[in-house]
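What follows is a set of notes on a single structure, which appears directly below.
Values in this text are rule-based calculations from the coordinates and carry no lab data. Source: prediction; values computed, not measured. Cβ placement follows ideal geometry from the backbone for every residue including glycine, while neighbour counts extend to all protein chains displayed.
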Amino acid sequence: MSPPGWRREIEYRLLRWQALLDTRSADRVLPWFYAAVIAVALGALSLARYRSLENGVELGRYVQGAWLLAEGQEPVTSLSGEHLFSSQTPLIFWPISILTRYVPTAPTLLIIQAIALAVAVVPLYILARQVANLRVGASSALVLVYALYPAVHDLNLADFHPEALAIAPMIGMALASLSGHWWRYWTFMLAVLMCRADFGVAVAGWGIFLTLRSERRQGLLTVSAGIAWIVAALGFVHPALDETGVSVVASLEEYGDTPFGVLWGMLSSPFTVLGDVFSRGNFTDLAVLFAPLLFLPLVAMRYFLPIVPLWFVYLAADVDEGPFGAPHLSVPAIAFLFVAATFGLAKAGTLGVERITVNRRILGALMVTALVFFARDAFATPYNEPWNWSARDSADQARRAAVELVPDDAAVQASPFALPLLAERTEAYVLDTATTVIAAERSLTDSTYVLFDESATDNWSSIWVDNFHRNLVQQGRYTPIYHAAGITLYCRGCPVPA
């Protein structure tokens, strides 16, 4: 058969499948099928990384917080020194902590996060089909782009963040408001606010969007709810629960010491803000967010403009970044960029009898671009061989063996990789080995056990490692009771092993 014949055959089969799937019954099943497949993939990746002990302090902090809540104690974690709900009031974590009473904590948190990220394709698909009026092919292409989106994969693998649970309700909030389903809208909005306090800025921004869209009553109520939530959380909850004395806007101290001081500082220094927002690092991050979507959000800018003020604040903030950066701060951008991309794709198509048809070449370019950026920028890229992540090397086995020697109620200080396994106790502390020996020794507490992991020392020489061991034994009166594959467990007051 000639090449044109092959093309006709492929087009015929595609049209046949599209006719089968372009129905109401398929719309009820297909997005949930997509979500299930993506959830399995994301869950497998995050659990593989957990199995090989690649997680760190952030996961350990929420594991300890869940354990404290299950024990009926205040969730003041020793790993961070602060109340879990004091900074950004992630109230959604409380019902999650109830579930962890009956199942293993760390895997459960990772699975819940993976499912929450995957479920976001359900409102996204429905938005594309019912509001943007796209055909099933274009709607499915958006789902594929989301499944390959580097920011989603980085968020999935960067330990656990309650903010990740907000992507689905953010898209659901947009879907419900644009469809006129206001009870659903308010339910989704409440879920968004429960994930992080300053998401109230994004909610208020969406309220302004609704007001300008002739939904004046709902828009003004939304603006009021968003602002009220921010004021309550940052003005009352944080001061009541905080015991560290650290300002909730510490990452923005360049602009002010209080939320209102920061607001005034940013408004009075616009060029400084723009310089921070469009720094070289931030510019690269912005490109990675827009480019996999073929810059389609720029075609329908009004749908992501509501989160720009909050986005500017995040970009201007001086935050501690881990190996994945700070992916939890990209959550509003992920949600509303996909909302905008949906309508941008609709504008790129042509209206047929019932639906908007998008040229196959545009859809092909969109999917290829998403695949390229996934391979280039996502941590789960095939170049990192994620299929080998679940394998345990000798260091992983040594970490687990050392953890087994630490009693459940003992105070312990450990390198970050071991903390998720040791966090379910009252006293668990971070052994800071990321910089110098002096910093590591200064971070030492009076813990009974110290678990030292040489792989967590970025640039330590063998002399530095030997000095740390010697000082710990001589000055700290610790006894090494286990050593293998660069993992050493010390105990204060334990007998020297034979």
Subject >> Diffusion constant of the chain at 10 °C, which comes from Stokes-Einstein with the Kirkwood Cα-pair radius and 1.306 mPa s, µm²/s >> reply: 65
**OP:** Can you tell me the alpha carbon radius of gyration of the range 114-156 divided by the globular rule-of-thumb value 2.2 N^0.38 Å?
**Re:** 1.16
**OP:** Quick one: what are the phi-derived ³J(HN,Hα) couplings along the range 291-297, Karplus 6.51/-1.76/1.60 with θ = phi - 60°, whole Hz, x for glycine and proline?
**Re:** 4, x, 8, 6, 6, 4, x
Subject >> Candidates per trypsin sites (Lys or Arg not before Pro) in the range 360-425, loop by DSSP, up to 15 other Cβ within 10 Å >> reply: ARG392
**OP:** Kindly provide log₁₀ I(q)/I(0) values, in the same order as q = 0.08 Å⁻¹, from the Debye equation applied to equal alpha-carbon scatterers of the range 198-342.
**Re:** -0.24
Original post:
Sorted by mean Cβ packing within 10 Å, highest first, what order do the peptides 414-422, 44-52 take?
Top reply: 414-422, 44-52
Original post:
Given a cut-off of under 8 Å on Cα pairs at least six residues apart, what relative contact order in percent is computed for the chain?
Top reply: 18
Original post:
Going from the alpha-carbon gyration tensor of the range 367-498, what semi-axes, largest first and in whole Å, does one get by taking the root of 5 times each eigenvalue?
Top reply: 33, 17, 14
Original post:
For all pairs of alpha-carbon atoms in the range 78-129, what percent lies in each bin of width 10 Å, listed from the first bin to the last filled one?
Top reply: 20, 37, 30, 11, 2
Original post:
What's the local net charge at VAL122, with K and R +1, D and E -1, over the other residues with C-beta under 13 Å away?
Top reply: +2
Original post:
Where both residues lie in the chain, what percent of DSSP beta bridges are antiparallel, nearest 5?
Top reply: 70
Subject >> Where labels lie 7 Å past Cα in the beta-carbon direction, separation of ARG217 and ASP466 in nm >> reply: 7.9
Subject >> the chain: Cys lacking any partner C-beta under 4.7 angstrom >> reply: CYS195
Original post:
How many nm is it between the label spots at ARG24 and VAL37, if each spot is 7 Å from the Cα in line with the beta carbon?
Top reply: 2.6
**OP:** Report ³J(HN,Hα) in whole Hz for each residue of the range 216-230, in order, from the Karplus equation J = 6.51 cos²θ - 1.76 cosθ + 1.60 where θ = phi - 60°; Gly and Pro get x.
**Re:** 4, 5, 5, x, 5, 5, 5, 4, 4, 5, x, 5, 4, 5, 5
Subject >> Sequence of THR350, THR77, THR369 once ranked by neighbouring C-beta atoms within 10 Å, starting from the fewest >> reply: THR350, THR369, THR77
Subject >> Fewest-first ranking of CYS195, CYS491, using other Cβ atoms within 10 Å as the exposure measure >> reply: CYS491, CYS195
Subject >> Estimated 222 nm signal from helices in the chain, with DSSP H stretches of n ≥ 4 weighted -39500 (n - 2.57), rounded to 500 >> reply: -17500 deg cm²/dmol
Subject >> Length-normalised contact order for the range 394-492 - Cα pairs under 8 Å, 6+ apart - percent >> reply: 29
**OP:** Can you put GLU354, GLU163 in order of Cβ neighbours within 10 angstrom, beginning with the fewest?
**Re:** GLU354, GLU163
Original post:
Starting at 0 and stepping by 5 Å, how many percent of the alpha carbon pairs of the range 183-264 end up in each bin?
Top reply: 3, 15, 20, 22, 16, 11, 8, 3, 1, 0
